[in-house]
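The values are calculated or read from the model by the stated rules, or taken from the named source; none is laboratory data. Treat the numbers as computed from the prediction; the structure is a model and nothing was measured. Note: ideal-geometry Cβ built from the backbone for every residue, glycine included; neighbour counts use all protein chains shown.
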Amino acid sequence: MKFKLNIGNKDLVVEIRNLAQQASGSCLVRYGDTMVLATAVMSKNEREGIDFFPLTVEYEERFYAAGKILGSRFIRRESRPSDEAILTARAIDRAVRPRFPKDFYKEVQVVVTCLSWDGENDPDIPGLVAASLALSISDIPWSGPIAPLRVVKTNGQFVLNPTYQQRQESKMDLMLVGLNGLINMIEMEGDETDENTILDSYRFAKPHLEKLIDFQKEIAQKIGKEKVSLPEPAKDQALEKELNEFLKDKLEKALAGDLPLDELKSDLVYFIEGKYPGFNKAKYVKNFLEEAANKLLHENIMRQEKRPDGRKLDQIREIQAEVGLLPRTHGSGLFSRGQTRALSILTLGSPSDVRLLEGMEIRGKKRFMHHYNFPPYCSGEVKPMRGPGRREIGHGMLAEKALLPLVPGFEEFPYTMRVVTEILSSNGSTSMASVSAACLALMDAGVPIKTPAAGIALGLVSNEKGDYKILTDIQGPEDHYGDMDFKAAGTKNGITAIQMDVKVEGITENIFQDVLRQAKKAREQILGKMAQVLDKPRPKLSQWAPRVYTLQIKPEKIREVIGPGGKIINEIIDKCAVSIDIEDSGMVFVTAEKETAAEKAVEWIKNIVREVKVGEVFQGKVKRILNFGAFVEILPGQEGMIHISQLSDKRVEKVEDVVKIGDIVPVMVISVDEHGRINLSLKDAQ
């Protein structure tokens, strides 16, 4: 069956063809010539002893979708997912996860595969639609559908589901996921976008979100399977009384951080097992504790505005900032907010240190990178240390997006920049702490960023009546038991990145407006604290950073700098201890650890490409002798010829009677022919 909806001036086409027959639900979604396949599968049985919902979401890029044969020369196939694929998978996960039932523990896997890519339409929007539909028409208990849209603003007009070109032309790129008139998920990057523009973007998209919801509901009603019914969780009144008696004020202490919650869980299970030998309701006890903690946090905040650590709703924890901690790195910044501590280190490199991108959607170079590490000690845990996981990649990219609009362009600052953030201690919003720490590291190194940036995470506590409280600077329990995690980063002028997830159905426009206002206030406070340490980039680049010198030469002179087989350029690199990058335009970049080395190489290159003029006198070195004259190197890589008649005022029988190989002699340029050949005179220079 085929269904069609015109949205964003293009047809969104859904095909239900039962291609993946053994999946619980599947569909094809096409937008332009970009097509994705989504499948959703639910395990038949629950895993023994599991006390969490095991959902996995995968987004698979396929090189054939773009008509490319890519990958390592020795493999030539897809291997580890690209960062872009991981971010798309995370976006789908964050949008669909809140819509699963609370007491549901069967494994569910959603796989979205890009089968065709047209180079204009990003697969992430059709991928989200496809995942929503695959779950909606399956028998998996899931309360969707959800509606994803992207909005940009070009030429003063909002554009729905723009092409890549339109996104590049816009200073704002906003992805919204809607659900029954509410906002379910947000992903946004912008060039200091003001809050009103973001709100207007949502208002523009809202009717289209509703139209997309109705479209999916119609499909699900026509062909959807009956959902698997879940048994009502049994209540043990006597046991719950015992649990409440044991908890008393312990739960309040656990929320305040005076008693580790995991320790309280263990103590509670041991207490019950001691009273009831053979007890087998560990999951029941843990779930009860989670519900009790959730209820207590909501009640305390809604009734008394009492947060676990006693702060006011809009109060930020104590902030500390420091720069220049590490003696030999190019730049470093430490940012602390309460127990959360992030240490960022900047490394500057030459233009050739860029990261090369080769994927289904993206091929190019990346000169600004932010990487995020979350070692187990930062949360007081002992775990195996492996490569970065999805969370690390996602948090690192969020901070990178927040800072990217602020870093100087290549023409102004021809360096490759890599910031690494080490999370030293974690208790709420480490990704937003990374923004501030990385910004401090950039300024400490003397990178001329446009203006400082900071990030903040806000939470939400709400009830069924529609009442709500917004929490600034959420930490552990507020993040875990709260209804929203809203991360916003930006400058004094506007927002550069937003990421929002919810645990409830979604947030209203009023909540969205209030949280943006509260985020701005908090951001300005943090920027003020950072300014007390360093309010702008240092005037000089770090003494330990390499120096990059640029010079423009004529493109036709490039081969002269390189020399036959790279002989000349390799000689410069070897003797001056530099790296050299040359673009086709004739722009030359010389990078060295020491200024004197770079200056020596630059002067060498200038002499190679220098166009000598008639009448100039040089001290040249005799390189070759022939019967009719001698060839003299007057500049590195540039030779001229002294004809035998120009060696002396007197008659010369043999060239060797006047000059020998290796002699340093004064010579004057007497002519340069149309082919660039230089003729010299020894007698006129004396």
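Would you call ASP200 surrounded by fewer than 18 Cβ atoms within 10 Å (Cβ to Cβ) and either in a helix (DSSP H, G or I) or basic (Lys, Arg) (or both)?
Here the answer is yes, as ASP200 does meet what is asked.
Just to check your reading of the model, which residue among GLY387, GLY380, GLY359, GLY364 is surrounded by fewer than 22 Cβ atoms within 10 Å (Cβ to Cβ), closer than 25 Å to LEU174 by Cβ, free of Cβ contacts under 8 Å to residues at least 12 places away in the same chain and in the same structural domain as LEU527 (by TED's automatic domain parsing)?
So the residue among GLY387, GLY380, GLY359, GLY364 that is surrounded by fewer than 22 Cβ atoms within 10 Å (Cβ to Cβ), closer than 25 Å to LEU174 by Cβ, free of Cβ contacts under 8 Å to residues at least 12 places away in the same chain and in the same structural domain as LEU527 (by TED's automatic domain parsing) is GLY364.
In this structure, is LYS68 within 23 Å of MET185 (Cβ to Cβ), outside the structural domain of GLY396 (by TED's automatic domain parsing), surrounded by fewer than 16 Cβ atoms within 10 Å (Cβ to Cβ) and basic (Lys, Arg)?
no
Hey, which of the strands (runs of 3 or more DSSP E) in the stretch 422-505, taking only ones fully inside, have at least 1 residues that are within 30 Å of ARG99 (Cα to Cα), of a type in the set (A, V, I, L, M, F, W, C) and under 16 Å from the mean Cα position of the chain (by Cα)?
Output list reads 484-490, 495-502.
Give me the residue from the stretch 90-121 that is within 19 Å of ILE186 (Cβ to Cβ) and in contact with a helix residue (DSSP H, G or I) (Cβ under 7 Å, 6 or more places away or on another chain) and, out of that set, surrounded by the fewest Cβ atoms within 10 Å (Cβ to Cβ).
Residue satisfying both the conditions and the ranking: ARG90.
Residue check: is ASN300 closer than 30 Å to THR340 by Cβ, in contact with a helix residue (DSSP H, G or I) (Cβ under 7 Å, 6 or more places away or on another chain), of a type in the set (S, T, N, Q) and modelled with pLDDT of 90 or more?
no
Might you check whether a residue that is closer than 26 Å to THR329 by Cα and touching a residue at least 60 places away in the same chain (Cβ under 8 Å) occurs anywhere in the stretch 601-621?
no
Please enumerate the residues belonging to the stretch 179-205 that are modelled with pLDDT of 95 or more and of a type in the set (Gly, Ala, Ser).
GLY190, SER201, ALA205
Only one of (1) part of a loop (DSSP other than H, G, I, E, B); (2) touching a residue at least 24 places away in the same chain (Cβ under 8 Å) is not met by LYS306, so which one is it?
Every listed condition holds for LYS306 apart from (2).
Kindly check whether there is at least one residue in the stretch 40-57 that is crowded, with 21+ Cβ neighbours inside 10 Å, in contact with a Leu (Cβ under 7 Å, 6 or more places away or on another chain) and at pLDDT 90 or above.
Yes, that holds for at least one residue.
List the pairs whose first member sits in the stretch 75-99 and is among the hydroxyl-bearing types (Ser, Thr, Tyr), whose second member is buried (at least 20 other Cβ atoms within 10 Å of the Cβ) and not in a helix (DSSP H, G or I), and whose Cβ atoms are under 8 Å apart, counting only residues at least 6 apart or on separate chains?
SER82/GLU61; SER82/MET360; THR88/TYR59; THR88/VAL112; THR88/PRO123
Within 21 Å of the chain's Cα centre (by Cα) and in a helix (DSSP H, G or I) - does that describe any residue in the stretch 99-116?
Checked the stretch 99-116: no residue is within 21 Å of the chain's Cα centre (by Cα) and in a helix (DSSP H, G or I).
Sort out which residues of the stretch 271-330 are more than 24 Å from LYS253 (Cα to Cα), in the same structural domain as LYS248 (by TED's automatic domain parsing) and among the hydroxyl-bearing types (Ser, Thr, Tyr), and write them in order of number.
Selection gives TYR276 alone.
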